[in-house]
Amino acid sequence: MTDKVRDQDKTHFGYKDVKPDEKEKMVAGVFHSVADSYDVMNDLMSMGVHRLWKRFTIELSAVRKGHQVLDIAGGTGDLTKQFSRLVGDTGRVVLADINESMLRVGRDRLIDQGIVGNVEYVQANAECLPFPENTFDCITIAFGLRNVTDKAEALRSMCRVLKPGGRLLVLEFSKTNNPLLTKVYDTYSFSLLPAMGKLVAGDSESYRYLAESIRKHPDQKTLEAMMKEAGFVNTTYHNMTGGIVALHKGIKP
Amino acid sequence: MMKTAFLAFLETRINQLLKLDPVTAEALKFLDGSVIHFVCLQPDFDCYVFLDSLGVRCAGWHEGSVDATLQGPLSRFIALAADRTSSWGAIKGLDVSGDQAVLASLESVHQKMELDWEGLICEQVGPVAGHSLAEGLRLIGSTLSGSGQTLSSHAAIYLEDALKVVPCEPEVNAFNREVDSLSKAVDRLSQRLSKS
Ligand SMILES: C[S@@+](CC[C@H](N)C(=O)[O-])C[C@H]1O[C@@H](n2cnc3c(N)ncnc32)[C@H](O)[C@@H]1O
């Protein structure tokens with residue numbers, strides 16, 4: 001299953017139906033616009049909790065010295081920073097993103113923090129990863145998959161470049177099954193979030209898109225089924241913060 | 001999530017303290033790459049501590065092998081923390097197993113540790129907040145050793161209280177800057193008054 005709607009030539013951009021190539025440009029526009037204020041907004045929007053979600057992702061990655069890791073849609077490099085420490089001098093982390101502004105902010109930030117030597121930066125689309133088959137021990141995509149136009153294609157592409165036995169971790173907003181939490185969360189993301197976006201980043205539209213894209217993203221079970229369809233086995237997921245966020249794991253057979 | 005939050009907090013604190021104890025930090029470098037599994041049986045709680053050249057990393061989840069395991073009720077871990085002289089084997093109720101070389105290095109680091117952690121916390125965050133934090137840690141220790149309650153509920157209460165009293169670094173810096181500029185302003189004012 002893909003995120004394409006009935007008409008094969010249409011996909012979602014938030015709540016709007018758009019042509020697939022238009023979505024790519026529109027998503028690019030959003031991330032060019034938010035790149036400089038992305039880190040501050042991330043902390044504000046999640047009240048810092050995104051750090052814990054990412055921390056749990058690192059724990060589940062089982063990455064160790066010498067591993068090859070791909071952090072796709074890696075943006076400003078939060079996960080890459082941690083992986084760089086774990087893989088050591090003998091390993092390698094590739095921070096990849098489709099958007100050059102996000103990649104630039106990420107690269108500058110990591111270099112400023114002295115993270116050099118085992119990190120490479122690659123501008124790439126998750127749907128067609130420019131790496132040979134069986135390259136990585138672990139691939140992570142954090143808060144990125146919902147922005148990808150053809151998610152099924154992206155999952156297949158990730159499976160291809162993973163080594164057999166390697167794991168994919170997808171950290172993404174998901175669905176809560178607590179109606180009260182859903183209501184609070186809706187109010188927060190559709191009213192407060194764009195307002196914060198306007199205040200801090202001077203851009204409410206981009207943050208409205210982010211809120212809408214979260215609602216359009218497949219729920220836990222659907223995403224797990226998509227991972228299986230793409231070729232992953234032993235798939236599981238962990239709900240965090242009442243299901244607002246879920247971490248999916250799959251292994252390449 | 002609560003456990004992840006607690007471990008994140010613990011890791012930050014340990015690394016802050018290590019920065020202030022270069023002897024221990026240096027000694028730990030010899031254990032670079034080691035993984036220590038702490039298993040608390042009463043209450044039920046376990047965590048993995050990864051040692052590397054940058055300090056320690058605490059995690060609740062680990063799929064690889066471990067180099068050493070320390071297992072026992074919380075009261076035994078508290079006894080261990082308080083006793084810098086006995087060998088670990090002498091602490092009754094604490095099960096210590098794993099790579100003997102790693103264990104011997106850990107034991108020696110523990111015995112030589114210069115860390116007066118309570119004093120250092122006070123130095124960092126001021127006497128009132130520092131003592132509250134130390135008090136909080138002791139309280140967790142004593143309540144947990146006698147009860148069967150889960151660590152997460154205690155940790156939640158503790159974190160809530162501790163975070164109320166412990167200002168974060170930017171807050172402390174901002175406060176110091178404000179006091180500085182206020183005292184400069186008072187100096188300037190009193191100079192002007194004495195001239196007039
Ligand atoms: C919300 S940010 C997440 C950044 C980072 N992973 C984090 O968790 O903070 C989403 C990122 O996905 C990237 N992205 C969107 N579509 C992509 C695609 N098709 N391929 C690769 N990256 C993409 C965006 O450029 C953006 O940097």
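The values are calculated or read from the model by the stated rules, or taken from the named source; none is laboratory data. Owing to the predicted nature of the structure, the values given are computational and were not obtained by experimental measurement. Cβ sites come from the backbone with ideal geometry, for glycine too, and all protein chains shown count toward neighbours. What goes into the accessible areas is simple: the full protein's heavy atoms, side chains included, and nothing from ligands, DNA or RNA. Shrake-Rupley method; radii C 1.70, N 1.55, O 1.52, S 1.80 Å.
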Looking only at residues in the range A:80-106 that are part of a loop (DSSP other than H, G, I, E, B) and within 24 Å of A:S157 (Cα to Cα), which one is farthest from the ligand (Cβ to nearest atom)?
-> A:G91
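Residue-wise test of (1) open to solvent by 30 Å² or more (accessible area, probe 1.4 Å); (2) without any contact (Cβ under 8 Å) to a residue 24 or more places away in the chain; (3) more than 30 Å from B:S65 (Cα to Cα); (4) more than 14 Å from chain B (Cβ to nearest Cβ).
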position	(1), (2), (3), (4)
A:D39	yes, no, yes, yes
A:D78	yes, no, no, no
A:I98	yes, no, yes, yes
A:R104	yes, no, yes, yes
A:R107	yes, no, yes, yes
A:I111	yes, yes, yes, yes
A:A124	no, no, yes, yes
Of all helices (runs of 4 or more DSSP H) completely enclosed by the range B:1-115, which ones contain at least 1 residues that are more than 18 Å from the chain's Cα centre (by Cα)?
-> B:100-112
Tell me, which residue of the range B:15-38 that is of a type in the set (A, V, I, L, M, F, W, C) and open to solvent by 60 Å² or more (accessible area, probe 1.4 Å) is farthest from the other protein chains (Cβ to nearest Cβ)?
-> B:V23
Look at the range A:141-176 and say how many of its residues are outside any strand (DSSP E or B) and either small (G, A, S) or under 27 Å from A:D17 (Cβ atoms) (or both).
-> 19
Would you mention how many residues in the range A:148-186 are within 16 Å of the ligand (Cβ to nearest atom), open to solvent by 20 Å² or more (accessible area, probe 1.4 Å) and farther than 20 Å from A:K228 by Cβ?
-> 1
Among the residues of the range A:107-139, count how many are more than 8 Å from the ligand (Cβ to nearest atom) and either assigned to a strand (DSSP E or B) or under 19 Å from A:V170 (Cβ atoms) (or both).
-> 13
Where a residue in the range A:178-202 is part of a loop (DSSP other than H, G, I, E, B) and its partner, wherever it lies, is modelled with pLDDT of 75 or more, with Cβ under 9 Å and at least six apart | A:N178/A:G242; A:N178/A:G243
Would it be correct to say that A:T57 is within 14 Å of chain B (Cβ to nearest Cβ) and either within 11 Å of the ligand (Cβ to nearest atom) or buried (at least 20 other Cβ atoms within 10 Å of the Cβ) (or both)?
-> yes
